[in-house]
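Visitor: Have a look at this one before I ask anything.
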Amino acid sequence: MLELYQFELSHYSEKVRLLLDYKGLDYRKIEVTPGIGQVELFRLTGQRQVPVLKDGNQYIVDSTNIAKYLDSRYPDRPLIPQDSKQRGLCLMMEEWADESIGIKGRKALFFAISQDQNFRKAFLPASVPDVLKTFVEGVPNDVLKLLGLGVGYSPEVVQKAIADLKQDLEALTLLLADSPYLLGDEPTLADFAVAGLSILLKFPDGPYLDLPTGIRGKGVPGLADNPAYEAFFVWRDRLYAQFRKPITDSKMSGGPSAPTSIQIE
């Protein structure tokens, strides 16, 4: 069985999960513990970043490389068109999504978490004691702003990212106005890249991620709840309903189970 080394909340990992589900491939999710788990991942693959796909004794790193590998190794339901113009558009749009929605989405989510106490609390698993949830909920916004400055997320940087994302969502909404998919009548890598990377802007309503149910359907204020982009998120959720397998508690029930943590040897 294929193994996907991942972070559950990583939108690049989600992009690969969408690709695997679309192709109907069985896979096991292995959650990489930040820090020590990444050291083990580096020992195995030579890099610390996820996602990484393992197929037999072969490790494929980077979501774009994984998509190309999947089309080569498992050609049914191709992700990248063969027509030269469509192929070029697909790869160009996927690269744009990685560099625009992918990078700016992190900044926008940080803004949402820093501004909304209930949103912060919703990220905590149900098993976390109420006293800790109350503590997390009560972290002052000023403290979070300082943390943001420490990683380069100044208020100006965050607001610029959100403004850019508004333009991105407007463009995507226009492209999808009279087409079921971004490049026409069939889904491609471009669709799955855009859909997967958009989870940090608004999480899907369904049980597709092993995350607290309290954050389903929630997202970045001004983006997730903006009527101007509603058509985009309706399209995104329809894509999920068509192709993404929901998480199940049992591997025997036909869907992917919750992730298994990486084992350090």
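Visitor: Packing-wise, with mean Cβ within 10 Å as the measure, how do 43-55, 185-197 rank, highest first?
Guide: 185-197, 43-55
Visitor: Let me ask you something else. Apply the a/c threshold of 1.5 to the C-alpha gyration tensor of the stretch 157-251 and tell me whether it is rounded, prolate or oblate.
Guide: Verdict is oblate for the stretch 157-251.
Visitor: Please tell me which of these pairs span more than 24 angstrom C-alpha to C-alpha: K107/K245; K107/K166; K54/K245; K166/K218?
Guide: The answer is K107/K245.
Visitor: Residue separation times 0.36 nm, minus the C-alpha to C-alpha distance between M1 and K68: what's the value?
Guide: 22.3 nm
Visitor: Take every Cα pair under 8 Å in the stretch 13-98 that's 6+ residues apart, average their separations, divide by the length, and report that relative contact order as a whole percent.
Guide: Over the stretch 13-98, the number comes to 23 percent.
Visitor: Just grab the label-to-label distance for V234 and W96, each label 7 Å out from Cα along the Cβ direction, in nm (one decimal).
Guide: Those two pseudo-labels are separated by 2.3 nm.
Just so you know, all these numbers are worked out from the coordinates, no wet-lab data involved. What you see is a predicted model; the values in this text were computed from it and never measured. When we count neighbours, we look across all protein chains shown, and the Cβ atoms used for this are built from the backbone with ideal geometry, even at glycine.
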